[in-house]
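Structure first, then comments.
The values are calculated or read from the model by the stated rules, or taken from the named source; none is laboratory data. Fair warning: this is a prediction, and the values are worked out from it, not measured in the lab. A quick note on method: Cβ atoms are made from the backbone with ideal geometry, for glycine too, and the neighbour counts reach across all protein chains shown. Side chains included, ligands, DNA and RNA excluded: accessible areas come from the protein's heavy atoms. Shrake-Rupley method; radii C 1.70, N 1.55, O 1.52, S 1.80 Å.
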Amino acid sequence: MISLSRTCFLNKASIAGLSSPFSDRQRGIVPKAPCSLKIKAAAAAAASNRDRNGTVLAVETVTKEMAEAESLIDDSQPTVAGGIRDAYGEDAATEDQPVTPWSLSVACGYSLLRDPRHNKGLAFTDKERDAHYLLGLLPPSVPSQELQVKKLMNIIRQYQVPLQKYMYMMDLQERNERLFYKLLIDHVEEMLPIVYTPTVGEACQKYGSIFSRPQGLYISLKEKGRILEVLRNWPEKNIQVIVVTDGQRILGLGDLGCQGMGIPVGKLSLYTALGGVRPSACLPITIDVGTNNEKLLDDEFYIGLRQRRATGQEYDELLHEFMTAVKQNYGERVLVQFEDFANHNAFDLLAKYGTTHLVFNDDIQGTAAVVLSGLMAALKLLGGTLADHRFLFLGAGEAGTGIAELIALEISKQVQCPDDYYYCCE
């Protein structure tokens, strides 16, 4: 990974290879004299001086600028670092900054092959391998992405256990993101049950045992008061969709605590593969407030907080800090999807933040929208209106309650009654 900062071009020590984020004064280095270095690309005509890895960079010392710089020395004026006046304010501008902010990051060579977002594996063309310093780091074959997908599907189909297929797909996502989504899009019917339900349920139950590399952000009670700092640790800044869970009600499997991370990760994978949302715009988050699952608390491989689940004011304060930090860090337009919260918390969060944030609950609203669309389509064949029919719900969970509310809302609009009319009937 090559990191370039503004100071890199202002400080000759950085060009020389020190690449320190501190100024000369902070490092205690006294420069002998300011020296401007000019880096220029050799002309195409100098082909004989061009190596096979790319453009030769010629470093030329400009003696005239050195002579002019020497004239800046004036013992009568305050100096920086013991002798050289800070004529351009370079040291003074950075002396109060402990770390220089990075402005440009370019992956190449071996680092590029370890970057899942930009890695293409064997699909790098000969020209790309030459330009990105990959010569010799890959076998000479350049298969198409389609051929790579075919090979991977052959490997996946050899696994007999769905959880093994899930683990292979997660490993692929961490190695080659483009190939992961290409495979998922081309074989969505076969891979959807692997990446998401029902296999993701077993993956969450055994998440601690199969955990290898972190995905998404983990926010626990330990980070209370520092959630904004945690969000800023995420490398992507243009986030559009956040799927967050506290792991209390994972797919009807109960309280899985911190191990519920598999749900936000899987859900956002589908948003990219089926909805076209950029992977870099997605952020899976798990809020760890403990777990009441005794089996997990006794599991030596459990990766979450080993304490009973926080409730009441402590829980509310953590969630409020999280929602405030999200809005502050990503703006008002970021979508926050609440996923697999317990019933009472799910409805409370929607009611509390529905007017101040862009929020959505798939269990309550998403399922209801799908069911209502199915009913509306059926009415085209059966005739009549929703108000002509009676609907029976078994149970009063998030999905059932959400469906009932949306059907009632649609009926009230069709018959032009107040929204709460059908809640009071019968």
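Ordering Gln160, Leu172, Pro143 by Cα displacement along the dipole of the range 120-183 toward the positive end leaves Gln160 in first place; charges were set at the Cβ atoms of Lys, Arg (+1) and Asp, Glu (-1).
Which residue, chosen from Ser220, Val244, Gly290, occupies the Cα position most advanced towards the positive end of the dipole of the range 209-315, where the dipole is computed from +1 (Lys, Arg) and -1 (Asp, Glu) charges on Cβ about the Cα centre? Farthest towards the positive pole: Val244.
Magnitude of the Cβ-charge dipole of the range 252-382, K/R +1 and D/E -1, about the Cα centre, nearest 20 debye?
My answer is approximately 600 debye.
Amide H contacts of Val277: Thr272, each under 5 Å away and 5 or more positions distant or on a separate chain (H built 1.01 Å from N in the peptide plane; Pro and chain starts excluded). Extension gain, Leu379 to Leu221: 0.36 nm times the residue separation minus the Cα-Cα distance gives 52.0 nm. For the range 174-230, the Cβ-based charge dipole about the Cα centre amounts to some 360 debye (Lys, Arg positive; Asp, Glu negative; other atoms uncharged). The peptide list 373-386, 319-332, put in order of mean Cβ contacts within 10 Å with the highest first, becomes 319-332, 373-386. With a threshold of 31 Å on the Cα-Cα distance, the over-threshold entries among Lys151/Lys267; Lys267/Lys352; Lys237/Lys267; Lys267/Lys327; Lys150/Lys267; Lys182/Lys413 are Lys182/Lys413. Reducing the range 245-283 and the range 167-191 to their Cα centroids gives an inter-centroid distance of 16 Å. With the highest mean first, a sort of the peptides 203-212, 299-308 on other beta-carbon atoms found within 10 angstrom per residue produces 203-212, 299-308. About its Cα centre, the range 147-265 has a charge dipole of approximately 280 debye under the convention of +1 per Lys or Arg Cβ and -1 per Asp or Glu Cβ, with nothing else charged.
For the range 137-191, give the percent of accessible area contributed by carbon and sulfur heavy atoms, probe 1.4 Å, rounded to a whole number. Looking at the range 137-191 in its full context, I get 54 percent from C and S. Counting only protein heavy atoms and a 1.4 Å probe, tell me what percentage of the range 265-305's accessible area is made up of carbon and sulfur. Using a 1.4 Å probe with all protein chains present, the range 265-305 comes out at 52 percent carbon and sulfur. Solvent exposure of the range 118-211 amounts to 53 Å² per residue of accessible area, where only protein heavy atoms count and the probe is 1.4 Å.
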